[in-house]
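Only one structure is covered here, and it is reproduced in the block below.
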Amino acid sequence: MPLSAFASWADGSQPRSVNHQDESLATTISFNLAPGKSLSDAVAAVRDAEGSIDMPSAVHGSFQGTAKVFQASLANEPVLIGAALLAVYIVLGMLYESYIHPLTVISTLPPAGVGAVTALILFKTEFSIIAMIGLILLIGIVKKNAIMIIDFALDAERAQGLTTREAIRQASLLRFRPIMMTTFAAMFGALPLAVGWGEGSELRRPLGIAIIGGLLVSQVLTLITTPVVYLYLDRFRKRSADERLFSRGVTAGGPDAPPEPA
C-alpha cells in the first residue's frame with residue numbers, strides 16, 4: 001500500500017518541542033509591566049481579557065513565575081495577619097491574666113493599618129510584600145502604647161486601690177512622655193527608609209512609608225481611644241462578673257433553692 005493512500009506531505013512550520021504542564025499541552029505567554037503599573041494591575045487586566053474572549057471550557061489559564069508568587073502571597077496575607085493577632089492576644093492574655101484587656105491593646109492596631117494604607121495611597125506606592133512586612137512590624141510597635149498605659153493602670157488599681165477611671169487617667173498622664181518619645185524615635189528611625197535613594201531604594205521605601213504613616217495616625221488616635229476602650233471593656237468585665245455571682249447565688253442559696261436533706 002503506497003504511503004500517499006493515507007498520508008501527505010507539505011512544507012510548514014512546527015514547534016521544535018511541545019510543552020506540557022500536568023500532563024496537558026501548555027503554552028507560556030510572557031508580558032511586561034507598563035510604566036506606572038503594578039503586578040496587581042497586570043493580573044487584573046489578564047483576567048479581564050480572559051473573560052472577554054470566551055475561552056473554551058477545555059482551555060484553562062494560570063499564572064506562573066512572579067505572578068504566581070504574587071497570587072500566593074495575597075492568599076496567605078489574611079492568614080498571616082490573623083496568626084499575628086492571635087499570638088498577640090494569647091501573650092497579652094497570659095500577661096494580664098484576663099480575656100478582656102488584650103482586646104484594649106488590639107484596638108490600637110486598626111488605626112495603624114488605616115494610617116499605613118493611607119500613606120501608601122498618598123505617596124502612590126503599591127502595597128507590596130515589603131509594605132506587608134511594615135504592617136507586621138506595626139503590630140509590635142503600636143501596641144506598646146496601650147501596653148504602657150494598661151500595665152500602669154492595672155498596677156494602680158491593685159496596689160493603690162484607685163478606681164478604674166482614676167487609674168487610667170493617672171496612667172495616661174504619667175505615660176504620655178515615654179509614649180511620645182518611643183513613637184518619635186521609631187518614626188525618625190524609619191525616615192531614612194522612606195526618603196532614601198540609591199540602589200534598592202524602591203524596595204525599602206514602602207516599608208518606611210507604611211511604618212511612618214501607621215505610627216503617625218495611631219499616635220494621634222490611640223492616646224484618645226485607649227482610655228475610652230479600657231473603661232468600657234472594664235465595665236463590661238465587672239458586669240459579667242456580677243451576673244455570674246448573682247446566678248450562682250440564686251442557684252446555690254437563693255429563695256427558690258430546694259431545701260437540703262437532713
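Only residues that are in contact (Cβ under 8 Å) with a residue 24 or more places away in the chain and within 12 Å of the chain's Cα centre (by Cα) were counted in the stretch 105-116, giving 7. Taken as a whole, the condition of being assigned to a helix (DSSP H, G or I) and surrounded by fewer than 20 Cβ atoms within 10 Å (Cβ to Cβ) applies to Gly189. Please state which of the following conditions Leu162 fails to meet, knowing it meets all the rest: (1) in a loop (DSSP other than H, G, I, E, B); (2) under 28 Å from the mean Cα position of the chain (by Cα). Exception for Leu162: condition (2). In the stretch 79-95 there is no residue that is outside any helix (DSSP H, G or I) and surrounded by 11 or more Cβ atoms within 10 Å (Cβ to Cβ). So which residues in the stretch 152-186 are surrounded by fewer than 17 Cβ atoms within 10 Å (Cβ to Cβ) and of a type in the set (Lys, Arg), if there are any at all? Across the stretch 152-186, the qualifying residues are Arg158, Arg165, Arg169, Arg177. Got at least one residue in the stretch 61-71 being surrounded by 10 or more Cβ atoms within 10 Å (Cβ to Cβ), under 18 Å from Glu126 (Cβ atoms), at pLDDT 75 or above and not aliphatic (A, V, I, L, M)? Within the stretch 61-71 (the criterion being surrounded by 10 or more Cβ atoms within 10 Å (Cβ to Cβ), under 18 Å from Glu126 (Cβ atoms), at pLDDT 75 or above and not aliphatic (A, V, I, L, M)), the answer is yes, since at least one residue qualifies. Does Ala75 fit the bill of being at pLDDT 85 or above, over 23 Å from Val220 (Cα atoms), within 21 Å of the chain's Cα centre (by Cα) and assigned to a helix (DSSP H, G or I)? Criteria not met by Ala75.
Condition first: in a helix (DSSP H, G or I), more than 23 Å from Ile179 (Cα to Cα) and modelled with pLDDT of 85 or more. Now tell me which residues in the stretch 119-159 satisfy that. Matches in the stretch 119-159: Leu120, Ile121, Leu122. Considered as a group, the residues in the stretch 194-239 that are free of Cβ contacts under 8 Å to residues at least 40 places away in the same chain and charged (D, E, K, R) include one that is nearest to Phe123 (Cα to Cα), and that residue is Glu202.
Residues in the stretch 19-60 that are part of a helix (DSSP H, G or I), of a type in the set (S, T, N, Q) and either closer than 24 Å to Thr125 by Cβ or in contact with a Gly (Cβ under 6 Å, 6 or more places away or on another chain) (or both): Ser40 only.
The values are calculated or read from the model by the stated rules, or taken from the named source; none is laboratory data. The structure displayed is predicted, hence computed values, not measured ones. Positions of Cβ are backbone-derived with ideal geometry, glycine not excepted, and every protein chain shown enters the neighbour counts.
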